[in-house]
Amino acid sequence: MAERGITVAAWESLFRAQVTVMRALAAEFPSEIISLNEYDVLFNITRAPGRRLRLKELNRAVLITQPSVSRLVDRLTARGLLEKSHDPDDGRGTIVAITEEGFALFRRVAFAHMDAIGRHVGTALDEAELRQLIELCDRLRRSVAEPQPDAAAHIDGAADPATAPLG
């Protein structure tokens, strides 16, 4: 286990870097089209097999609280961007799927978002540093939280907006 002082300094550095980058990305995000939270929902559904996800799994994957996710899914469904259906394997469960209209909107926003990420992250670090950052963040996340797909598994498909970065 690392010494507490360096651990806290590393955490503060990681947190401040994330906040700084997120503020820059949020300033450029096309929020007149969809919000970052809506993008987060669409992003997670597009990464799921068949672009369908159980609502329970979506709640675990997104950055907002469960009641907020349910309301957001209802709004996206009303806009025709998502469809909800009953889970045939669990009568109490709900499956959420992205519509063709929702996927087209997601892709359009994802391209712009990936350009901004490239400007703010891709110019600050070289490819080896980016791969190291992915490895370190995945390792940190695995040590703290329930299993999530590693970002490293999506490196080769990163140019596809269906696997576009979240933040």
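The values are calculated or read from the model by the stated rules, or taken from the named source; none is laboratory data. Note that this is a predicted model, so its numbers are computed, not measured. Because the Cβ atoms are built from the backbone with ideal geometry, glycine has one as well, and the counts that use them run over all protein chains shown. What goes into the accessible areas is simple: the full protein's heavy atoms, side chains included, and nothing from ligands, DNA or RNA. Shrake-Rupley method; radii C 1.70, N 1.55, O 1.52, S 1.80 Å.
Within segment 82-100, is there a residue that is of a type in the set (Lys, Arg) and farther than 26 Å from MET22 by Cα?
Let us first name the residues in segment 82-100 that are of a type in the set (Lys, Arg), namely 84, 92.
Filter once more, so that each one left must be farther than 26 Å from MET22 by Cα: 84, 92.
Within segment 82-100 (the criterion being of a type in the set (Lys, Arg) and farther than 26 Å from MET22 by Cα), the answer is yes, since at least one residue qualifies.
Among residues of segment 38-54 being part of a helix (DSSP H, G or I) and surrounded by fewer than 17 Cβ atoms within 10 Å (Cβ to Cβ), the one that is nearest to the chain's Cα centre (by Cα) is PRO49.
Only one of the numbered conditions (1) under 15 Å from the mean Cα position of the chain (by Cα); (2) open to solvent by 70 Å² or more (accessible area, probe 1.4 Å) is not met by ALA61, and that is (2). Residues that are free of Cβ contacts under 8 Å to residues at least 24 places away in the same chain and of a type outside the set (S, T, N, Q) within segment 91-104 comprise GLY91, ARG92, GLU100, GLU101, ALA104, listed in sequence order. Residues satisfying the criterion are present in segment 72-81 (criterion: within 30 Å of GLU32 (Cα to Cα) and within 16 Å of the chain's Cα centre (by Cα)).
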